[in-house]
Amino acid sequence: MRIKILIAVSLAFSAVAPSASAETVLFVSPQGNDAWSGRVATPAADGADGPLASLHKAVESLRQQAVGQPRRIVLQPGGYYLERPVDLGPAGSGLTIEAAKDARAVLYGGRRISGWRRDGQQLWAADLPEVKSGKWDFRMLAVADRLCPRARLPKEGTFSHLSEFNVPWMSTTGGGWQRKPTAEELTTMKYRLEDLGPWLDVKNAEVTVYHMWDESVVGIARNDTEHQVLTFSNPGGHPPGAFGVKKYVTWNVREGLTEPGQWYLDRTAGKVVYWPLPGEDMANVAVVAPAVESILRIRGQAGKPVRDVTVRGLTLAVANTPLVAGGFGAGNFPGAVELTHAENCRLADLEIKNVAGQGVRAGNLKSCEIEGCHVHDTGACGLKFGGECLVRKNFVHHVGRIYPSAIAVWGGGGSGQPCTIERNTIHDTPYTAIACGGEGHRIEHNRISRAMQVLHDGAGIYITFCKRVVVRGNFIHDIDDTGGYGASAYYLDEQAEDCLVEGNLSLRVARPSHNHMARNNTLRGNIFVCDGDATLTFPRSSDYRLEKNVVVAGGAIRITRPEAISEAVGNIAFSKSGKVEGVKLEAYRQAGSQPLESGAGWLLVDPKLVEYESGQVRFASDSPTGHAKIEAVDVSQAGCDGT
C-alpha cells in the first residue's frame, strides 16, 4: 500500500511540476518592453507584462538557463534596429530564434536616417555629425527596402588608367607574381587628365580598381594633380595594370550623382546626400544606414563548439564593410550572419538582403545546414562557408553589388569535411556562381544563369585545389564571355584531381568545359550546346577521360591540347559549320590546329537534338546517340523550385 501511495504522489507531482527538459519560450516585439517577462506574445491590457523589446535582452535572459536545455525566441512582426551584433557563443547551444508564424520580422544592422532637408534643387541631405567627426562611415544605403546605387564616375562603364605592371603571373600554385609588387605599386595609380581633376574630394572619393578575377576598393589619400597620380589610403590586392587590365570606377563624389535613386556620403560636410526617385516623400520614406558589420554572430571556439542552434524565418538587412581590398572572391568581408565552430546548427528560410558584405560567412562547421534561404543584393558573396555543411534549395542572386569578385555560393573544406551544394538557383552574378575547394564534395542539381557579368577567369561552377569532387546534374545557361581569361560553365582549375563531371547541361556558354592544371578527371554524359563556337580547353592538364559527352555548336568546335585526353569513349561532336579541330597551345597561345576525325573516341555526326531549352534533353528517334548508348539528360528540376 505504501508503494502505491508513493507512486500516486509522484505522478500527481509530475503533472504540475515543470519538466527539466521543458522548452522555455520568450517573445520579442517592437511593441514590447525589456522590463517585461517576455513570456507572453502580446502586451497585457493593464500593461503589467508582455513581450520583450529587443533580441539582445531575450538572449541575455536565456543565458541564465542550463546549456542544452531547449530554448526558443519568437520575434513578432516588425523591424528591429540593432546598434551592435547579437552574439551567441557555446552558452547559446540549443537555442532556436525564429519569426512568429506568417510574420515578417526584420533585423536591421543599422539606424534610420531622419531630418532630411533640401540640398539644391533635386537633392536631399541629412546631417550626420558622427560622420563628420570620423566616428561613423559606411558604403551602402537602403531606401524604401532597396539597395541604392552609389554616385559613380563614369555614369556607365569604366575609366581607363595609365598605370603599368608588366610582371608575369605564375599561377597560385607557382607562387603568384614573379616579382612581389612594391608598396608604391600597390598604392598609386596614374589617371587621364580628362577623367579626374582638382575637383576630386579625396576625403569622400573611393576607387574600384579592376583586376582579372577580383578588384580592389580603395580610398584616396592624395591627388597629385600636376602628375595625375592618385595615392591610395589602403593598398590594393594587386597593382593597377596587373594582368593588363586598366579599368577603374570612382565612387562617392557629388559629381557622380547623375540620376534619381543615387546617393553619396559627404564625409567633409558630415551629411548623407540622396536624389529621390519620382514620388518619394523624404518625410516618410524609410532610409537605413549600417551601424554594424554583422547582425547575428553564432560563434563557438576550437574544442568548444556552439551546438544545435537554429535560426529560421527571419529577414536580415543592412550591414557594413570596412575599407579594405576584398581579395579573391571578396572573401575578406564579414557576413550579416557569422557562423563558426558550430555543430548541428541550421539556418533556414532566411531572407538576407541589402548588406555590404557577405550574406552568410561560416567556417569550421560540422553537420550544419543552410536551407531554403533567399539571399540577394549583397555587396560581397551570398553564402560563404567552410566545413561539413548541406547547402540546399537556396535562391541566391544579384550578389557582388559593391565587390564584383563576389561568389554567390562558395564552400569547401579539408579531408573529412565534405559539403553538399544541391538544388540551389543562382543568377545574375558578376563573377563565379558556385566555387568549391577541398575533398569529397558534391555539387548537384543546381541551376545557374547569367554569371560572369563583370570579371573573368571564372565559371558557373568553379572548383580548384580539390580531390574527388562530384559535379552532377546541374543546368548552366546563358553566360557571356566578357573577355580577359574568359568565362566557362564547368571549370576544373589548379590541382583538381580525381573529380567527376557527369550528366550536366550547358546552353549558350562558349566554353562549356575549361580545365587548367588539373589531372585524372572524368567528363561523362554531359550535353554542351552553343549557338556559336564551342571550346573545350585543357591547358597544362593531363590524364582526362571523356566518355559519352555530346557537343553541339552553331560554329566551330575546338579542343585545346587534345593530348591531355588519355581516353575518349563514345563522344559525339557536331559543328553546324563543319569545323571540329584540335588546337595546339604554347604558353596558353594557339600554335597550330588540325581537324579532328571520326574515330578515336569521337563520332562527328548530328545527334539530332529535339528539345533541350527546358533542361529535359530529347533526341530524335533515329539519333545516333542510341547506337552510341548515350543517355538523354534531364535537369529540368534543377534548382530550388525546378524553374
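Take residue 557 and decide whether it is over 25 Å from residue 640 (Cα atoms) and touching a strand residue (DSSP E or B) at 6+ places or on another chain (Cβ under 7 Å). Taking the combined requirement at face value, the residue satisfies it. Determine whether segment 486-494 contains at least one residue that is modelled with pLDDT of 95 or more, surrounded by fewer than 24 Cβ atoms within 10 Å (Cβ to Cβ) and of a type outside the set (Phe, Trp, Tyr). There is at least one residue in segment 486-494 that is modelled with pLDDT of 95 or more, surrounded by fewer than 24 Cβ atoms within 10 Å (Cβ to Cβ) and of a type outside the set (Phe, Trp, Tyr). Taking (1) touching a strand residue (DSSP E or B) at 6+ places or on another chain (Cβ under 6 Å); (2) buried (at least 23 other Cβ atoms within 10 Å of the Cβ) in turn, residue 242 satisfies each apart from (1).
Contact map, segment 400-427: residues that are more than 15 Å from residue 326 (Cβ to Cβ) paired with residues that are surrounded by 24 or more Cβ atoms within 10 Å (Cβ to Cβ) and of a type in the set (D, E, K, R), Cβ distance under 7 Å, separation 6+ or inter-chain. Pairs shown: 425/447. Residues in segment 578-606 that are within 37 Å of the chain's Cα centre (by Cα) and surrounded by 11 or more Cβ atoms within 10 Å (Cβ to Cβ): 8 in all.
For segment 318-333, check the following and say yes or no: at least one residue is out of contact with any Phe, Trp or Tyr (no Cβ under 8 Å at 6 or more places or on another chain), among the hydrophobic types (A, V, I, L, M, F, W, C) and crowded, with 21+ Cβ neighbours inside 10 Å. Yes: segment 318-333 contains one or more residues that are out of contact with any Phe, Trp or Tyr (no Cβ under 8 Å at 6 or more places or on another chain), among the hydrophobic types (A, V, I, L, M, F, W, C) and crowded, with 21+ Cβ neighbours inside 10 Å.
Does residue 326 meet the test of being at pLDDT below 95, outside the structural domain of residue 209 (by TED's automatic domain parsing) and within 15 Å of residue 381 (Cα to Cα)? Step through it out loud before you land on a result.
Details: at pLDDT below 95: yes; outside the structural domain of residue 209 (by TED's automatic domain parsing): yes; within 15 Å of residue 381 (Cα to Cα): yes.
Here the answer is yes, as residue 326 does meet what is asked.
Of all residues in segment 81-110, those being farther than 24 Å from residue 341 by Cα, more than 25 Å from the chain's Cα centre (by Cα) and assigned to a strand (DSSP E or B) number 0. Quick check: is even one residue across segment 56-65 of a type in the set (Gly, Ala, Ser), over 21 Å from residue 338 (Cα atoms), in contact with a Gly (Cβ under 7 Å, 6 or more places away or on another chain) and modelled with pLDDT under 95? So far as segment 56-65 goes, yes, one or more of its residues are of a type in the set (Gly, Ala, Ser), over 21 Å from residue 338 (Cα atoms), in contact with a Gly (Cβ under 7 Å, 6 or more places away or on another chain) and modelled with pLDDT under 95.
Among the residues making up segment 163-186, those that are surrounded by 14 or more Cβ atoms within 10 Å (Cβ to Cβ) and in a loop (DSSP other than H, G, I, E, B) are 163, 164, 165, 167, 172, 176, 181. If you check 223, 252 for being more than 27 Å from the chain's Cα centre (by Cα), among the polar types (S, T, N, Q) and buried (at least 16 other Cβ atoms within 10 Å of the Cβ), only one passes: 223. The residues listed here are 197, 219, 237; of these, the one that is farther than 28 Å from residue 124 by Cβ and in the same structural domain as residue 125 (by TED's automatic domain parsing) is 237. Taking first residues from segment 100-128 that are without any contact (Cβ under 8 Å) to a residue 24 or more places away in the chain and partners that are of a type outside the set (A, V, I, L, M), the Cβ contacts under 7 Å between residues at least 6 apart in sequence or on separate chains come to 115/127; 117/124; 118/124.
Quick check on my filter: what residues within segment 66-79 are closer than 23 Å to residue 343 by Cβ and either modelled with pLDDT under 95 or in contact with a Lys or Arg (Cβ under 7 Å, 6 or more places away or on another chain) (or both)? Even if it seems obvious, please write down each step before you answer.
So in segment 66-79, the residues closer than 23 Å to residue 343 by Cβ come out as 66-73.
Correct list: 66, 67, 68, 69, 70, 71.
With the requirement that a residue be of a type outside the set (Ser, Thr, Tyr), under 30 Å from residue 394 (Cα atoms) and modelled with pLDDT of 95 or more, what does segment 584-639 give you? Listed by number, the residues that qualify are 611, 613, 615, 616, 617, 618, 633, 634, 635, 637, 638, 639. The number of residues in segment 431-465 being farther than 22 Å from residue 244 by Cα, buried (at least 23 other Cβ atoms within 10 Å of the Cβ) and in contact with a Phe, Trp or Tyr (Cβ under 6 Å, 6 or more places away or on another chain) comes to 4. Flag not set for residue 548, criterion: surrounded by 15 or more Cβ atoms within 10 Å (Cβ to Cβ) and over 36 Å from the mean Cα position of the chain (by Cα). A search for C-beta distances below 6 Å between a residue of segment 273-300 that is at negative phi and any residue that is polar (S, T, N, Q), counting only pairs 6+ apart in sequence or on different chains, returns 275/122; 275/262; 290/320; 293/320; 299/340. Here the condition is being over 23 Å from residue 494 (Cα atoms), out of contact with any Pro (no Cβ under 8 Å at 6 or more places or on another chain) and among the hydrophobic types (A, V, I, L, M, F, W, C); of 620, 591, 568, it holds for 620 alone.
Looking at this structure, is residue 126 assigned to a strand (DSSP E or B) and either more than 25 Å from the chain's Cα centre (by Cα) or farther than 23 Å from residue 219 by Cβ (or both)?
Details: assigned to a strand (DSSP E or B): yes; either more than 25 Å from the chain's Cα centre (by Cα) or farther than 23 Å from residue 219 by Cβ (or both): yes.
Judged against the criteria, residue 126 is a match.
Taking segment 85-100 as the range and being farther than 25 Å from residue 286 by Cβ and either of a type outside the set (A, V, I, L, M, F, W, C) or buried (at least 21 other Cβ atoms within 10 Å of the Cβ) (or both) as the test, the residues that pass are 87, 88, 89, 90, 92, 93, 94, 95, 96.
Highlighted here are the strands (runs of 3 or more DSSP E) found entirely within segment 429-503 that include at least 1 residues which are basic (Lys, Arg) and either in contact with a Lys or Arg (Cβ under 7 Å, 6 or more places away or on another chain) or over 20 Å from residue 403 (Cβ atoms) (or both): 442-444, 447-449, 458-467, 470-472.
The values are calculated or read from the model by the stated rules, or taken from the named source; none is laboratory data. None of these values were measured; they are calculated from a predicted model. A quick note on method: Cβ atoms are made from the backbone with ideal geometry, for glycine too, and the neighbour counts reach across all protein chains shown.
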